[in-house]
1. Per q in 0.21, 0.26, 0.32 Å⁻¹, report the Debye log10 I(q)/I(0) for region 179-228, using one uniform scatterer on each alpha carbon and no solvent.
2. Looking at region 8-117, which trypsin sites (Lys or Arg not before Pro) are in a loop (DSSP not H, G, I, E or B) and have at most 12 other Cβ atoms within 10 Å?
3. Calculate the tail of P(r) for the chain: the fraction of all Cα-Cα distances greater than 42 Å, expressed in %.
4. Let's see if you can work this out: charge +1 on each Lys and Arg Cβ, -1 on each Asp and Glu Cβ, no other charges. What is the dipole magnitude of region 188-320 about its Cα centre, in debye to the nearest 20?
5. Once Lys and Arg get +1 and Asp and Glu get -1 on their Cβ, which of Ile141, Asn307, Asn344 lies farthest toward the positive end of the dipole of the chain?
6. Quick one: Kirkwood hydrodynamic radius for region 188-293, alpha-carbon pairs, angstrom, one decimal?
7. Contour minus end-to-end for Asp224 and Lys170, with contour as 0.36 nm per residue of separation and end-to-end as the Cα-Cα distance?
8. Go ahead and set up a Gaussian network model of the chain, Cα springs under 10 Å, then flag whichever of Asn66, Asn205, Asn249 fluctuates most.
Amino acid sequence: MVDKLEYGELDLPVYQNSREVFAGLTVSDLAKATVLGGVNLFLAGDTGTGKTQLATDIYQVYFAGNKAEGGNGIFIRAHPDVDIYNEIFTKLNIDRKQRETTPSLEARVFIADEINRAPPMGQNQFLGLGDGKMDYSGRSISLGGDGYSLLIATANIGNGEFRGTFDMDKAMLNRLHVAIDLDYAPMKPTFEDLEKIKARSANPNVITSKPKDLSSKIAQAKKDISEATKAEDLETRAVLNYLQHGLQNCQRYKGVKDRVWPMGCQDCSHNTAGNALCSLIKEPAPRTMEVVRLYAESLRYLAKLKNPVVKINSTDLVFKAFELTGAYQGLLNQAELRKHYGHNPKLMAEVISKLREDYKGVSDFILASLSEAKDGRRVVKFFKEGDEFGPYDLLSEEKRGKFKPIFLYEDNRPVGLSWVPKLTDLIIKQNKKSEA
C-alpha cells in the first residue's frame, strides 16, 4: 500500500512562482498538477525565465534524478544532431554484434530541454516519449513504470529573437498537453517571488538539488485521478460537450468546420464584425479533450490536497483546463493570432472568456435537460419568465398559453447546441440499459 501524497511533499526547492491562477492554485501548482495526472508539460518562455529550473526541480525532487544514478528520470538537452535511440535508449552489444535496449526505457520522467533546438526531423524522436511508447526494431515498447510516463519539454518560442531554434510541428505540440508560457504576464513570478530568489546566494546557473523519490506516490495519484474522471458530474460533462461538439459548428456551411475554416469566416454573414466566436476557435481534437478531462481532475485533486475545504466550480475548472491545454494545439485562428503578435496564451484567455460568457447564458437549460435525462425524462423545451423556469411540456394547458416555448438546441448560433438532445437521449438509453 502506497502512502498518499501530502501537499508539502511537492514543494519545489528552487523555482519560485506563487502567482495565483485558480482555486488557490499557483503557477507552480499548475506544473505540479501535470505531474500528478501524468499529463505532458510544455514550458515556454524567454531565456532565464526559469523553464529549465522548474523542470530540473521536478526531475530531482519528485523522480530522484538520473536513471543511471538510481533515479527515475532521463534528461535530454536537444541539439541538431540529437539521436536519443542510439545515445540513450539502446547500446551496442559487441559480443552479439547488435544493439539492445537500455534500462533508460523504464524511467518515469523524460525531460527534453530546449526541444526546438533540434530540427523538426530530430523532434520526431520525441513523439514516442509523448505517447509513452518507443518504437524500435519493429516493436512498440512501453515506457515508464507502474503505468506512469511523463514528458516535460522546454522551449524558447515566439518573439523572433532566437537563433539556432526551429519550428515545432503540430504533432509534437499535440503531445505536449499542458502549456505554461512563462513570458505571459499572468504566469510570471510575483514581486515577492523575485525578492525571495535574491535572498539566496547569487547563482545564475540551473541549480541541481539533492534527489528525492516521490515517484511511487505520484504513480498512485495518477491512478486515483484517472479513476475519478469516470465519475464526472453533470456540470463537467456539459462543459466538455459544449467545447467538443459545440465548437464543431459552422453556421455558414450548415455543418462541421472543415478545411474551409477559418478562410470561410472572412466574408461570412455570421461574422460581420470579424469577432464571432466560431471564427476565433475550432473544435479540439479528441486527444485534447481527453487531456482536458484528465487535467481538470488533476487540478481538482491538487486543490483538495492543498486545501481540503476549497470550493471548486466545475464549469470554471473545465474552462481553465481547456485554456491551459488549447493555446498551442492549432485551435486558434492564425489571422487573429497575428493581430496578437503570436501571443497564444493571451488570445486563448480572451476566447475562453467569451466562451464562458456564452455558456453561462444557456447553462441552466443544458443542465436541466441532462438532470431530467438522468431521471429518464426527455426535456428539451422550456419556459422562462422572471423567476419561473421549467419544462414547457409539463405545464398545464392553461399555463401553456401564458408562456412562449423556448427551444435552444439548434446550431443557428456561433457555438452549436444540437448535441444536447443527442446527449439527453444517450443518457436515457444508458440508464435504461443499466437498469435492465
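We did not get these values from a lab; they are worked out from the coordinates using the rules stated. None of the values given here were measured: they were computed from a predicted structure. Here the Cβ positions follow ideal geometry from the backbone for every residue, glycine too, while neighbour counts run over all protein chains shown.
1. -0.94, -0.95, -1.10
2. Taking region 8-117 and a limit of 12 other Cβ atoms within 10 Å, the loop trypsin sites (Lys or Arg not before Pro) found are Arg96, Lys97.
3. Values: 20356 of 94830 pairs.
In whole percent, the share of Cα-Cα pairs in the chain beyond 42 Å is 21.
4. Numbers: 23 positive and 15 negative charges, 82 e Å.
It works out to roughly 400 debye.
5. With unit charges placed on the Cβ atoms, the residue in question is Ile141.
6. Details: mean 1/r = 0.0531 Å⁻¹.
Kirkwood radius, region 188-293: 18.8 Å.
7. Values: separation 54, 0.36 × 54 = 19.44 nm, distance 3.03 nm.
Residue separation times 0.36 nm, minus the Cα-Cα distance, leaves 16.4 nm.
8. Asn205
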